[in-house]
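Asks: This is the structure, below, for whatever I ask next.
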């Protein structure tokens with residue numbers, strides 16, 4: 001394990017905030033993308049059924 | 001083949017579907033490689049101790065924060081001049097990524113600044129310009145949400161993007177313009193006196209490439225979502241009219 005010394009809290013806090021924000025952004029991007037894709041597919045199906 | 005072909009939503013969807021797995025895979029590999037190399041396999045700095053490891057997230061995030069705005073500026077200019085919808089949807093898609101990168105730059109800068117400068121925050125030219133850039137990102141996103149007509153929203157957000165570019169330039173070059181404040185100059189400057197040592201620079205370059213590829217991957221995914229949203233709205237409108 002890497003030795004961070006007296007600044008361990010500082011370094012880990014910086015990495016922790018970054019990981020949280022990046023993962024949050026990725027999760028929001030993927031969930032919104034999947035939701036819109038499903039809604040569009042449902043709309044296209046409904047419209048093709050109704051002619 | 002002309003670059004303007006990609007302004008066709010169908011062509012963009014086809015090309016991005018092919019490119020996405022490659023770009024995303026490369027982004028994950030370079031990001032993980034750069035961060036592991038920097039975190040586990042570089043020595044402490046003689047002045048900054050182990051806090052030097054923050055450079056592998058702080059610098060790439062700061063570069064992406066201003067770089068994203070410049071990408072949005074280019075895409076907005078394409079919209080204003082040539083009226084290509086895909087370009088302005090790409091700018092809209094990029095804004096939350098730029099906001100997140102600016103936030104990471106501000107947070108990691110504050111966390112790093114506390115032990116090094118003795119303060120979380122100073123009204124230093126670069127820090128202040130970065131905070132204003134963050135507010136411009138929020139304003140840009142809010143303006144998109146506030147205007148119902150998509151073309152009007154695209155016009156007004158594009159103009160806001162032009163204005164905000166002043167702060168993106170200041171954020172990047174404030175240290176050169178004013179030569180004062182707490183923030184140091186460029187870590188990857190060609191000037192050997194400012195440039196970080198090679199042992200830190202190489203993993204830093206890998207991290208920067210990783211952040212850049214992550215940005216491209218997320219912009220592609222989010223632009224595809226915006227194009228689908230636009231088609232969904234058009235179909236719903238057609239259904240209501242029928």
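Asks: Compute and list, largest first, the equivalent-ellipsoid semi-axes of region B:9-131 from the alpha carbon gyration tensor, each √(5λ) rounded to a whole angstrom.
Replies: On the way: eigenvalues 227, 89, 13 Å².
Values for region B:9-131, descending: 34, 21, 8 Å.
Asks: Angle, helix B:125-146 long axis vs. longest principal axis of chain B, Cα atoms, 0 to 90°, nearest 10?
Replies: 20 degrees
Asks: Shifting gears a bit: Of the residues B:107, B:46, B:12, which exhibits the maximal mean-square fluctuation in a Gaussian network model of chain B defined by a 10 Å Cα contact cut-off?
Replies: B:46
Asks: Springs between alpha-carbon pairs under 10 angstrom, Gaussian network model over chain B: which of B:172, B:222, B:82 fluctuates most?
Replies: Top of the fluctuation ranking is B:82.
Asks: Let me ask you something else. Over all residues in A:3-12, what is the mean tally of Cβ atoms on other chains that come within 10 Å of each residue's Cβ?
Replies: Numbers: counts 2, 6, 4, 4, 11, 1, 2, 12, 11, 3.
Mean partner shielding for this stretch: 6.
Asks: Could you give the alpha-carbon Rg of the protein assembly as shown over 2.2 N^0.38 Å, rounded to two decimals? Don't skip to the answer; put the middle values down first.
Replies: Numbers: Rg = 21.0 Å, N = 293, 2.2 N^0.38 = 19.0 Å.
My calculation over the Cα atoms of the protein assembly as shown gives 1.10.
Asks: In whole angstrom, and with the biggest value first, how far do the Cα coordinates of region B:79-136 range along each principal axis?
Replies: Principal extents (largest minus smallest coordinate, Cα): 49, 18, 13 Å.
Asks: Want the number for residue B:44 to residue B:18: 0.36 nm per residue separation, take away the alpha-carbon distance, what's left? Don't skip to the answer; put the middle values down first.
Replies: Numbers: separation 26, 0.36 × 26 = 9.36 nm, distance 4.18 nm.
Computed gain between residue B:44 and residue B:18 is 5.2 nm.
Asks: Now a separate question. Which whole number gives the average count of other chain Cβ atoms within 10 Å of the Cβ atoms across peptide A:28-37?
Replies: Values: counts 3, 9, 4, 0, 6, 7, 1, 3, 9, 5.
Partner-chain Cβ atoms within 10 Å, mean over residues of A:28-37: 5.
Asks: Need one value for B:40-49: mean number of C-beta atoms belonging to other chains within 10 Å of its residues' C-beta atoms.
Replies: Numbers: counts 2, 1, 1, 0, 5, 0, 0, 0, 1, 6.
Per-residue shielding by partner chains comes out at 2.
Asks: Per 10 Å bin from zero, what fraction in whole % of the C-alpha pairs of region A:7-51 is there, up to the bin with the longest pair?
Replies: Final binned percentages: 24, 24, 19, 15, 11, 5, 1.
Asks: Sorted from fewest to most neighbouring beta carbons within 10 Å, what does the list B:195, B:84 look like? Walk me through the numbers on the way to the answer.
Replies: Numbers: B:195 15, B:84 18.
By the 10 Å Cβ count, ascending: B:195, B:84.
Asks: Continuing with this model, one more query. Which angle from 0 to 90°, rounded to the nearest 10, does the C-alpha axis of helix A:8-49 make with the longest principal axis of chain A?
Replies: Roughly 0 degrees between the two axes.
Asks: Picking from B:24, B:66, B:119, which is most flexible by a Gaussian network model of chain B using Cα springs under 10 Å?
Replies: Looking only at B:24, B:66, B:119, the largest GNM fluctuation is found for B:119.
Asks: Which whole-number percent is the relative contact order of region B:12-153 (Cα, under 8 Å, 6+ apart)? Could the numbers behind the result be given before it?
Replies: Details: 102 pairs, mean separation 26.3, N = 142.
Worked out over region B:12-153, it gives 19 percent.
Asks: When only Cα pairs under 8 Å and 6 or more residues apart are kept, what is the percent relative contact order across chain B? Please report the intermediate quantities before stating the final value.
Replies: Values: 286 pairs, mean separation 76.5, N = 242.
Relative contact order comes out at 32 percent.
Asks: Please compute, over every Cα-Cα pair in region B:9-241, the percentage with a separation greater than 25 angstrom. Kindly include the intermediate steps, with their values, before the conclusion.
Replies: Working: 12601 of 27028 pairs.
Counting every Cα pair in region B:9-241, those more than 25 Å apart make up 47 percent.
Asks: Ok, one more. Rounding to the nearest 10 and keeping the result within 0 to 90°, find how far the Cα-based axis of helix B:150-178 lies from the longest principal axis of chain B.
Replies: 10 degrees
Since every read-out is calculated from the coordinates, none of them should be taken as a lab result. Because the structure is predicted, anything quoted here is derived from the model rather than measured. In this analysis, Cβ positions are derived from the backbone assuming ideal geometry, glycine residues included, and neighbour counts consider all displayed protein chains.
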